[in-house]
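Trainee: Before I ask anything, here is the structure I am working with.
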Amino acid sequence: GSGNVNDTFLVTLDTPEKWRFILQRLNTEVFRRPELVMGNLRTVTEHVRHRLQRQPLDPGRRFELPRLLLTRDGLDLVVDTAGHFWRALSFIEGAETFDTIKGENQAQEVGRALGLFHHLLADLPAHRLADTLPGFHVTPGYLRHYDEVLAKHGAGRSPEVAYGLRFVERGRIWAGVLEEAQAQGKLSRRPIHGDPKVNNVMLDTATGQAVGLIDLDTVKPGLVHYDIGDCLRSGCNPQGEETEHWETVRFEPELARAILQGYLAQARDCLTDHDRVYLFEAIRVIAFELGLRFFTDYLAGNVYFKARQPDHNLIRALVQFKLTESIESQEPAIRAIIRELSFEF
Ligand code: GN1
Ligand code: MG
């Protein structure tokens, strides 16, 4: 259980088969309408199952999403006496996840998983999914919340906090670019995963091939850019988002190339010309946005993300801000990679 929001357990049954499944307690401070989360989970897993029946994968490949396991009474959620919401999901066997990417093959596989996910959901109308987290990944909304938190709680005087405050002011100028493009009708909402960071991709233990995407709670209508940006900001940071050495965090463009290659090979038909124009912005905005979300939570007293120590969310924020800086300083190289790949795909 390494999630920042829900509590997750792997249960092994004490039977001869040692059957395993995932047990989760949903964080209802974040997911205020758990029944909508479960509805989306059902819609998406059913849709993908039907698509794969009609259009099988390449030979030797598998692609699994967690399946809902029901109680004996056929319920998909159980509320305990303390009011906590629990649910059970299938465990994807013979696969593992990593917090950081080891090499370009793995990067391609990570991109492939997200590309396949978007491809398989491309014909599911976005309105079939509930908006379980209104405002999720809408960066200007996080800026408004930040302003409120800052006005209410103030900020300390450490150099780290000062750096964060300055960084947010710089980012404020361009942070709304995806939402503006959507308002202008250039980008439109589709089914998205919402949280396709590296360690939500399951890789086959034997072959290293991507075999599934987990953590479907944030599935909802949104811009595919949020997903692509999130996959790249997590995948191209070799130190990982939990490093304490935030000063040396950098974005690795060659990993971005490999992730995008894997992604586009599956999802090229899902992207319009406008979509492609905003790929660089997506990477920059989502790294900045996550930094802003961690920073705001630090200022608010760690009320959203689980924190191991009081400055945990501050360090996490600085990691994302340094990553954003590295993305900005390599803008020409990253744009060149996106351009080269758009000829190939
Ligand atoms: C949270 O709980 P977890 O680790 O799956 C967060 C994501 C962040 C991520 C950063 C609902 O995901 O948006 O990108 O932390 N989920 C929610 O690790 O806020
Ligand atoms: Mg998640």
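Trainee: Net charge near residue 280: determine it from the other residues with C-beta under 14 Å of the C-beta of residue 280, scoring Lys and Arg +1 and Asp and Glu -1.
Mentor: That works out to +1.
Trainee: Can you compute the modelled spin-label distance between residue 305 and residue 8, with each label point 7 Å from Cα toward Cβ, in nm?
Mentor: About 1.6 nm separates the two model spin labels.
Trainee: Let me ask something else about it. Compare 282, 162, 258 in a GNM of the chain, Cα atoms joined below 10 Å, and give the one with the largest fluctuation.
Mentor: In this elastic network of the chain, the residue with the biggest mean-square fluctuation among 282, 162, 258 is 162.
Trainee: Then there's this: List every residue whose amide H lies under 5 Å from the amide H of residue 222, counting only residues 5 or more places away in sequence or on a different chain, with H placed 1.01 Å from N in the peptide plane.
Mentor: Under 5 Å from the amide H of residue 222 lie the amide H atoms of 190, 192, each far enough along the sequence or on another chain.
Trainee: At 0.36 nm per residue, and after removing the present C-alpha to C-alpha distance, how many nm does the segment from residue 25 to residue 104 gain when stretched out fully?
Mentor: Residue separation times 0.36 nm, minus the Cα-Cα distance, leaves 25.0 nm.
Trainee: When the helices in the chain are scored as -39500 (n - 2.57) per DSSP H run of 4 or longer and the sum is shared across all residues, what 222 nm value do you end up with, to the nearest 500 deg cm²/dmol?
Mentor: When only DSSP H runs of four or more count, the value is -15000 deg cm²/dmol.
Trainee: Could I ask something else about it? Where nothing but the Cβ of Lys and Arg (+1) and of Asp and Glu (-1) is charged, how large is the charge dipole of the chain around its Cα centre, in debye to the nearest 20? Before the final figure, lay out the partial values.
Mentor: Values: 41 positive and 48 negative charges, 107 e Å.
Dipole of the chain, to the nearest 20 debye: 520 debye.
Trainee: Using a 1.4 Å probe on the protein heavy atoms, what percent of the accessible area of the chain belongs to carbon and sulfur?
Mentor: 52
Trainee: Using Cα centres only, tell me the gap between the stretch 1-54 and the stretch 194-262 in whole Å.
Mentor: 20
Trainee: Then there is this: Excluding ligands, DNA and RNA, what is the solvent-accessible area per residue of the stretch 207-345 at a probe of 1.4 Å, expressed in Å²? Walk me through the numbers before you get to the answer.
Mentor: Values: 4760 Å² over 139 residues.
With the other protein chains kept in place, the stretch 207-345 gives 34 Å² per residue.
Trainee: Still on this structure, I have one more. Under a plain spin-label model, where a point goes 7 Å from the Cα along Cα-to-Cβ, how far apart in nm are residue 86 and residue 145?
Mentor: 2.9
Trainee: In nanometres, what is the gap between the two model label sites at residue 57 and residue 247, each 7 Å from Cα along Cα-to-Cβ?
Mentor: For the pair residue 57/residue 247, the computed spacing is 4.4 nm.
Trainee: As a quick test, which of the pairs 186/306; 152/322; 102/186 have an alpha carbon distance above 29 angstrom in this structure?
Mentor: 186/306; 102/186
The values are calculated or read from the model by the stated rules, or taken from the named source; none is laboratory data. Everything numeric in this text was worked out from a predicted model, so none of it was measured. Methodologically, a virtual Cβ is constructed for each residue, glycine included, from the backbone with ideal geometry; neighbour enumeration extends over all protein chains shown. All accessible areas refer to the heavy atoms of the entire protein, side chains included, with ligands and DNA or RNA removed. Shrake-Rupley method; radii C 1.70, N 1.55, O 1.52, S 1.80 Å.
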